[in-house]
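Everything below concerns the one structure shown next.
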Amino acid sequence: MYAFDYTRPASVADAVAALRSAEDGKLLAGGMTLLATMKQRLAQPSHLIDLRAVPGLSGIARDGATLTIGATTTHAAVADSGEVRAAIPALAHLASQIGDAQVRNCGTIGGSVANDDPTADYPAAVLGLGATVVTDRRRIAADDYFQGLFETALEEDEVITAVSFPVPARAGYAKFPNPASRYAVVGVFVAAVGGAVRVAVTGAGQSGVFRVAAMEQALAASFTPEAIADIAVPAGGLNGDIHASAEYRAHLVGVMARRAVAAAIG
Amino acid sequence: MTLTVSMTVNGKAVSRDVEPRTLLVHLLREHLGLTGTHVGCDTSQCGACVVHVDGRSVKSCTMLAAQADGASVTTIEGLAAADGTLHPMQEAFRNNHGLQCGFCTPGMVMSAVDLVRTNPDPSEHEVRTWLEGNICRCTGYHNIVKAVLEAARTMRQPAAAE
Amino acid sequence: MTTDGIGAPLRRKEDYRFLTGRGNYTDDINRPGQAYAVFVRSPIAHGRIRSVDTADAAAVPGVLTVLTGADVAADGLGGLICGWMIHSKDGSAMKAGAHPVLAQDKVRYVGDHVALVVAETQAAARDAAELVAVGYDELPAVADTAGARGASSAVHDEIADNTCYQWELGDQAATDAAFAGAAHVTTLDLVNNRLIPNAIEPRAAIGDYDRGSDSFTLYTTSQNPHVHRLVLSAFVGIAPEHKLRVVAPDVGGGFGSKIFIYAEETACLWASKRVGRPVKWTADRSESFLADAHGRDHVTRAELAIGADGRFLALRAHTTANLGAYLSTFSSCVPTYLYAPLLSGQYKIPAIHAAVDGVYTTTAPVDAYRGAGRPEATYVVERLVEVAARELKMDPAELRRRNFVQPADYPYQTPVIMTYDCGDYEASLDKALDLADYAGFAARRADAAARGKRRGIGFSAYIEACGIAPSAAVGSLGAGVGLWESGSIRFTPTGTVVVHTGSHSHGQGHETTFAQLIASHLGVEPGNVEVVHGDTAQTPFGMGTYGSRSLAVGGSALVKAADKIVAKGRKIAAHLMEAAEADIAFADGKFTVAGTDKEKSIQEIAFAAYVPHNFPGDLEPGLEETAFYDPVNFTFPAGTQICEVEVDPDTGVVEIVNFVAVDDFGVVVNPMIVEGQVHGGIAQGVGQALCENAVYDTGSGQLVTGSYMDYRMPRADDLPSFKVGLTVTPNPSNPLGVKGCGEAGAIAAPAAVMNAVTDAIGQEIQMPATAERVWRALAAAPMAAE
């Protein structure tokens, strides 16, 4: 790891100020991606701004049809939360599939959503549920938030404070994990929410998480695995690597989508 | 830049001046001489470095010492009783030959203790799934899984096990 | 059987320290004044070094020195060696490219050692290492095993065809004749995938030069510290052997990868004298991936000739074996003498011919990894036999049974060197069939089909040659060393026992098994026996631990030493009890005089030996004996594994649903430890079959699988619990009747798993049987519905 300076602000405003004043500051939440990247000397931030002393960033609250999860809430907290399990069991299930137990004890939803790794799990839920990313200054709809590989609508000095999920009528998540890294080779989140059906795919796309309109239409007509059995996702635009070619990923999108639907109606 | 980090490690208050880039595992191994916590990889996957921070298992190779400032840390050295009596998880690993070279063992034991904390009666499948973050190259996991299941039984019924 | 004698599952003596964080691994050791080393490694697969500029690195605060290949040459440091001479079939000696400690003119794989930075802290050394500017003229990578001989680029300039040797074994004419007359020939093209050993403790070293005594100490992760010392002294020329001490403390797994003498520990020793400070290096895992010796990496065309009666007539194999960029310490023998002599398997095969081309590539050196040659041989034989059974529409168990070497055949001379001395292959097969409920398989397969899964079953009836001895045999085959073992037993005056062994434990539990063995032989408590290993200053010269040899060879040496202790004790007892030596009997720790009730415990004898107030002049004081043991034959553990898998046709994911291993290891000292060895071996074999694959990009020569993010290690949730069983035919070739158990699991499992997978999907695929490969095979040729 290269050397850096470390600060631990006590408020979101102080964190924003620290980001603005640093030459190349990075927010540190759970650190599961950032520290791993820095250990490989693939990133060299000048400052790490640790959010863990900022009050009010962690926690889970349900308000009617909305479930709001604070940015520094860990994956383990989401997976184990009775509130989440009751409102959106698919989201608790997704959180329980991230990394391993120790990653889940440290990694946070805000960190995952801010980083927007194309093989991370949370982007599938955020996009698949049509969630809202809440920052220190605005609310960003999921459809506007994800903008490509590690690219989001966040400003350089913007801090995610929470993610708000609409409680769906039903939802499911199915993941084909990379057998080595345990990231998603393909993860598909399906939800019937707000009178519509959304299908979001992580792990597979060259430009990060994406929706599958053809599946959404078919599932809106009939929310069953059979309804999407013949819908193929083209391999063009999908990732290919030693773990899975684009063709195989395309195939897995179909399989995982059907399994996600089955889980949702299960 | 130098930071002062203070925390409780195995029940003792400690304080050290470190560079911000000092990882918790390096604080433990190099500054505190607690070499029971091991480093087996550099991508946060092998789990040889697992310790407890405020009661939860974490990979100490992917946590800055600064992030543990003010926390209570337990390492493998702090798991057995003060008189040297093994924790039920340690005893079960010994009794079931759940270790061979011993290198992954501290992390494996610390991870398994956290499993039983969150799930006192795990199935074999749940044990295997939980341990995906701990790599062992010696045992094929067979006896580790046996040990964790036995320890969970013991820990559920501490009186009956005497 | 007593509760702690031979055959008892004694809990391990070493466990308390490991379970409480009190182990003492190399990286746990810190020497006063220690500095830290970081290596500058080649980022390219192949190139000429145009320049090395160390000025910026040397200017980093805290840097003590930056050493390069020029410094190695200036100091006259010898190169790293390969200790086994192989001759090609034309009689010529193998072509060994020079292997300098730091690269001199060329780099030959990604990770090759170019320079060494020594600094006050590890962080400073790493910061500085990034500033060493190396200019390369890049050359084409040679990363493809099968294509290496025809590559346009030579890894070593003087070896134009990248061929180290073209070796053969067996009677080619007889084999070809048998094939010509065969009723059936089964042919397979097999890739034995390249593996990275991945002991969880990364390699580490501390070189510590003491100017006062002009001597060196090396603390390192070694499976064989005496061999390390020998090579570092005699070939690299670090110091005379008596001025060099090698300590291998607790070692966190080896699996072969810590046998070898590498550049890193060599450079740390050398640098410690140059900077006058202890120099410590600890690999990070990324370095381990790049620079530990890898394993396997064979490409083979294999054929089995079968008569009309289902009896095997002949086997032939042509293998291209990737040796990597340089010959590692024992690499040359792995795809030759540790491979082809096992091609007879458990079977009577009248004619066998093997041809092996050992090739250089721009990849990390390849050397012994758990099983070393024998997994590759077993994979060839057991895949051939299983596929032959399918082609002949025979039950695979029955085809094996028909061709087994039978108990009455021993000693059985194969056509490929080995003389099998004992075994009962049908006994282990039958027990495995029983444990696996083979009779119920058809019903389980039907049930799986009803659930939409494809179920398959596969066998692997393996044999291996362990012990890697006797010396006369290995010497005649080209080994540069003897392969005996040493042991010494020292009684203290108070009657406790210290055992020194030349073998080394890095997970195998020698501190327990050897204590159990000696306690049983000498009638003392295992708790009163301390086993010392891993320090050249303490233990007699020994050859170390690999090849499942420690109990068969090292244990036998200790038993010989114990016999000497008893012989000496008998003299002392005769003196003390005023009896004739011939009348002294020894049993259960007591010397007795025949026909009397006189007795002395061995502890009393030990005390007298050190307080010899009235010993006669011809009776030496002391009770300490050393023995060296050179076996009369290899040992031949054998057994049967049966693997059952279910394949999800939607995804191609393979799940192992049942795994049975029945082994004949001869006499078993500690069944708990033996079972643990089997479990671990199976996991590595399953890893090879389903998970692990070291992939170099054939264009760039970059290691694509350079971390646990891409190299798939078997995890707890990839494996089932295993069903293991034992059969016993005592080994007639050593005094203990033991054979060795360390590698069997890894040797047999790849064939068992792949036989099951190919049974499930109805077609051939190569290892590892990843989900995508299985899915593609099914997509290309879907099986008819059952």
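Shown for chain A are the DSSP H helices of 20 Å or more along their axis, judged by Cα atoms, with a mean Kyte-Doolittle hydropathy of at least 0.0: A:246-265.
By the Cα gyration tensor, the range C:300-339 has an equivalent ellipsoid whose semi-axes, rounded to whole angstrom, run 32, 10, 4 from largest to smallest. Restricted to Cα atoms, the range C:306-450 shows a radius of gyration and a Dmax of 17.9, 53 angstrom. Think of chain B as having a plus end and a minus end, set by charges on the Cβ of Lys, Arg, Asp and Glu; of B:I135, B:M110, B:L79, B:I135 sits farthest toward the positive end of this dipole.
In chain B, Rg over Rh equals 0.98, where Rg is the alpha-carbon radius of gyration and Rh the Kirkwood radius from pairwise Cα distances.
Rounded to the nearest 20, the size of the Cβ-charge dipole of the protein assembly as shown about its Cα centre is 800 debye, with Lys and Arg at +1 and Asp and Glu at -1. Working from Cα positions, state the angle (0 to 90°, nearest 10) between the long axis of helix B:105-118 and the longest principal axis of chain B. Once rounded, the angle reads 70 degrees. Taking the Cα centre of the range C:666-773 as origin and assigning +1 to Lys and Arg Cβ atoms and -1 to Asp and Glu Cβ atoms, the resulting dipole is close to 340 debye.
Could you tell me what a quarter of the Cα convex hull surface of the range C:229-367 works out to, in nm² with one decimal place?
For the range C:229-367, averaging the hull's shadow over all directions gives 11.6 nm².
The mean count of C-beta atoms from other chains within 10 Å of the C-beta of residues in C:149-160, rounded to a whole number, is 0.
The calculated P(r) of the range C:490-555, using every Cα pair and 5 Å bins from 0, goes 4, 18, 30, 24, 16, 6, 1, 0 in percent.
Residue by residue along B:86-96, Cβ atoms of other protein chains within 10 Å of the local Cβ number 3 on average. Packing, as the average of other Cβ atoms within 10 Å across residues, places the peptides C:691-702, B:25-36 in the order B:25-36, C:691-702, highest first. Sorting the segments C:538-551, C:358-371 by their mean number of nearby beta carbons within 10 angstrom, highest to lowest, gives C:358-371, C:538-551. Take each residue of peptide C:9-16, count the partner chain Cβ atoms within 10 Å of its Cβ, and average: the result is 4.
Here the Kirkwood formula, the inverse mean of 1/r across different C-alpha pairs, assigns the range A:1-53 a hydrodynamic radius of 11.0 Å.
For the charge dipole of the range B:3-78, defined by +1 on Lys and Arg C-beta atoms and -1 on Asp and Glu C-beta atoms about the Cα centroid, which residue among B:S15, B:Q67, B:S44 has the Cα displaced farthest towards the positive pole? Ranked along the dipole, the leading option is B:S44. In order along the range C:524-537, phi translates into HN-Hα couplings of 10, 6, x, x, 9, 10, 10, 9, 10, 8, x, 8, 5, 7 Hz, rounded to whole numbers, per the Karplus curve 6.51 cos²θ - 1.76 cosθ + 1.60 with θ = phi - 60° and x for Gly and Pro. The phi-based Karplus calculation (6.51 cos²θ - 1.76 cosθ + 1.60; θ = phi - 60°) puts the 3J(HN,Hα) values of the range B:144-155 at 5, 4, 4, 5, 5, 5, 5, 5, 4, 4, 4, 6 Hz, whole numbers, x for Gly and Pro.
Buried area at the B:A interface is about 2300 square angstrom, summed over both chains, from accessible surfaces computed with a 1.4 angstrom probe.
Contact order, relative form, for chain C: 15 percent (alpha carbon pairs under 8 Å, 6 or more residues apart, mean separation divided by residue count). When the Cα positions of A:T68, A:H93, A:A213 are compared along the charge dipole of chain A, A:H93 comes out farthest toward the positive end, with charges on each C-beta of Lys, Arg, Asp and Glu. Taking amide H as placed 1.01 Å from N in the peptide plane, A:N239 has its amide H under 5 Å from the amide H of A:G205, A:Q206, each at least 5 places away in sequence or on another chain.
Within chain C, which whole H helices from DSSP have a Cα span along their axis of at least 20 Å and a mean Kyte-Doolittle hydropathy of 0.0 or more, if any? Display every interim value, and only then the final one.
Numbers: long enough: C:374-392 (26 Å, -0.07); C:556-576 (30 Å, 0.37); C:671-686 (22 Å, 0.52); C:744-761 (26 Å, 1.33).
What comes out of the filter, once short or polar helices are dropped, is C:556-576, C:671-686, C:744-761.
Value of Rg to Rh for chain C, rounded to two decimals, is 0.99; Kirkwood radius and Rg both from alpha-carbon coordinates. Each residue of the range A:46-51 was assigned a 3J(HN,Hα) from its phi angle through the Karplus expression (A = 6.51, B = -1.76, C = 1.60, θ = phi - 60°), giving 7, 9, 10, 10, 7, 8 Hz with x at Gly and Pro. May I ask for log10 I(q)/I(0) of the range A:170-265 at q = 0.18, 0.24 Å⁻¹, from a Debye sum over the Cα atoms as equal point scatterers with solvent left out? Taken in order of the listed q values, log10 I(q)/I(0) reads -0.71, -1.20. Normalised by residue number, the volume inside the convex hull of the Cα atoms of the protein assembly as shown is 186 Å³ per residue. Here the Debye sum runs over all C-alpha atoms of the range C:131-269 as equal scatterers in vacuum, and log10 of I(q)/I(0) at q = 0.11 Å⁻¹ comes out as -0.74. For the range C:381-427, the spread of Cα positions along the three principal axes, ordered from largest to smallest, is 32, 23, 11 Å.
Stokes-Einstein diffusion coefficient for the range B:3-78 at 25 °C in a medium of 0.890 mPa s, Rh from the Kirkwood formula over Cα pairs: what value in µm²/s? Estimated via Stokes-Einstein, D reaches 206 µm²/s. Per-residue ellipticity at 222 nm from helix content only, as computed over the protein assembly as shown with -39500 (n - 2.57) for each DSSP H run of at least four residues, stands at -8000 deg cm²/dmol.
For the pair the range C:545-613 / the range C:182-230, the C-alpha centres are spaced 38 Å from each other. Hydrodynamic analysis of the range C:554-616 uses the Kirkwood radius over alpha carbon pairs. Inserted into Stokes-Einstein at 37 °C and 0.692 mPa s, it gives a translational diffusion coefficient of 275 µm²/s.
Aspartates and glutamates near C:K393 by alpha-carbon distance under 15 Å, same-chain residues fewer than 8 away left out - which ones? List returned: C:D309, C:D759. Altogether, the Stokes-Einstein calculation at 37 °C and 0.692 mPa s, with the Kirkwood radius of the range C:130-176 over Cα pairs as Rh, returns a diffusion coefficient of 236 µm²/s.
Rounded to the nearest whole Å³, what is the per residue volume of the convex hull around the Cα atoms of the range C:484-629?
About 106 Å³ per residue, rounded to a whole number.
With the alpha-carbon atoms of the range C:1-63 aligned to their principal axes, the span from lowest to highest coordinate is 68, 35, 14 Å, starting with the largest. If only the Cβ of Lys and Arg carry +1 and only the Cβ of Asp and Glu carry -1, the dipole of the range B:88-156 around its Cα centre is close to 140 debye.
For the range C:382-532, the carbon plus sulfur part of the accessible surface works out to 53%, probe radius 1.4 Å.
Mind checking Rg over Rh on the range B:88-156, alpha carbons, Kirkwood formula for Rh?
0.91
Percentage of Cα-Cα pair distances in the range C:642-714 greater than 17 Å, rounded to whole percent? Value for the range C:642-714: 61 percent of Cα pairs lie more than 17 Å apart.
Relative contact order of the range C:635-786, taken over Cα pairs closer than 8 Å and 6 or more residues apart, is 38 percent.
The tail of the calculated P(r) for the range C:2-134 beyond 22 Å holds 59 percent of all Cα-Cα pairs. The packing ranking, built from the mean of other Cβ atoms within 10 Å per residue, places the peptides C:427-440, A:243-256 in the order A:243-256, C:427-440, highest first.
Distant-in-sequence amide contacts of B:L23, defined by a placed amide H-H separation under 5 Å and a gap of 5 or more residues or a different chain, comprise B:A65. Cα centroids of the range A:17-79 and the range A:172-234: 27 Å apart.
Size of chain A from its Cα atoms: along the principal axes, largest to smallest, the extents are 54, 44, 31 Å.
The values are calculated or read from the model by the stated rules, or taken from the named source; none is laboratory data. Predicted model, so just to flag it, every value in this text is computed and none were measured. Positions of Cβ are backbone-derived with ideal geometry, glycine not excepted, and every protein chain shown enters the neighbour counts. In case anyone asks, the SASA skips ligands and DNA or RNA and just uses the protein heavy atoms, side chains included. Shrake-Rupley method; radii C 1.70, N 1.55, O 1.52, S 1.80 Å.
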